[in-house]
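Participant: Could you have a look at this structure, given as structure tokens, before my questions?
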Amino acid sequence: QVQLVESGGGLVQAGGSLRLSCAASGDTFNNYHMGWFRQAPGKGHEFVAAINWSDLSTYHADAAKGRFTISVDNAKNMVYLQMNSLKPEDTAVYYCAASLGQMGITWHEYVYWGRGTQVTVSS
């Protein structure tokens, strides 16, 4: 059974950086694509970035381009989201997600989800 556990969230000042981590277990992830989503209070799940584990191709949402970078560590089964130049509007719970098949950018295309990690950016 696939399990995803996020870590690395916290409180940071605007302009600061955080690196979120997602530990993936329960399967061989070569055929998976992994995504990061976020949910701010009162809003739906917003796509942030995705990566295809087999060829390491990536896609970042416009809000993340130039500031966030998704990556994986194959040896450790870890997925990362490096977040730089953080803004107060980046405040949200960040979720790691996984699914087989084509890379997706909408939440319903993902089958497995972590419990999330809170990121708060103060102004």
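The values are calculated or read from the model by the stated rules, or taken from the named source; none is laboratory data. Quantities reported herein were computed from a predicted structural model and do not represent experimental measurements. We place every Cβ from the backbone using ideal geometry, glycine too, and count neighbours over all the protein chains shown. Heads up: the accessible areas ignore ligands, DNA and RNA and are worked out on the full protein's heavy atoms, side chains in. Shrake-Rupley method; radii C 1.70, N 1.55, O 1.52, S 1.80 Å.
Participant: Specify the residue that is farthest from Gly101 (Cα to Cα); the eligible residues are those in segment 1-43 that are polar (S, T, N, Q) and touching a strand residue (DSSP E or B) at 6+ places or on another chain (Cβ under 7 Å).
Facilitator: Initially, segment 1-43 is screened for residues polar (S, T, N, Q), giving 1, 3, 7, 13, 17, 21, 25, 28, 30-31, 39.
Checking which are touching a strand residue (DSSP E or B) at 6+ places or on another chain (Cβ under 7 Å) leaves us with 3, 7, 13, 17, 21, 25, 31, 39.
Values: Gln3: 18, Ser7: 25, Gln13: 37, Ser17: 31, Ser21: 22, Ser25: 18, Asn31: 7, Gln39: 24 Å.
Among them, the one singled out is Gln13.
Participant: Quick one: count up the residues across segment 92-123 that are polar (S, T, N, Q), more than 13 Å from Ile51 (Cα to Cα) and out of contact with any Lys or Arg (no Cβ under 9 Å at 6 or more places or on another chain).
Facilitator: First, the residues of segment 92-123 that are polar (S, T, N, Q): 99, 102, 106, 117-118, 120, 122-123.
The next check asks that each one be more than 13 Å from Ile51 (Cα to Cα); those that pass are 106, 117-118, 120, 122-123.
In the following step, the residues that additionally are out of contact with any Lys or Arg (no Cβ under 9 Å at 6 or more places or on another chain) were identified as 106, 117-118, 120, 122.
So the answer is 5.
Participant: Moving on to the next point. Go through (1) open to solvent by 60 Å² or more (accessible area, probe 1.4 Å); (2) outside any loop (DSSP other than H, G, I, E, B) one by one and return the number of the condition Leu81 breaks.
Facilitator: (1)
Participant: Collect the residues in segment 41-62 that are under 14 Å from the mean Cα position of the chain (by Cα) and touching a residue at least 24 places away in the same chain (Cβ under 8 Å), keeping them in residue-number order.
Facilitator: Going residue by residue through segment 41-62, those that are under 14 Å from the mean Cα position of the chain (by Cα) are 45-53, 58-61.
Result: His45, Glu46, Phe47, Val48, Ala49, Ala50, Ile51, Asn52, Trp53, Tyr59, Ala61.
Participant: Same structure again: All but one of (1) among the aliphatic types (A, V, I, L, M); (2) open to solvent by 60 Å² or more (accessible area, probe 1.4 Å); (3) out of contact with any Phe, Trp or Tyr (no Cβ under 8 Å at 6 or more places or on another chain) hold for Ile105; state the number of the condition that does not hold.
Facilitator: (3)
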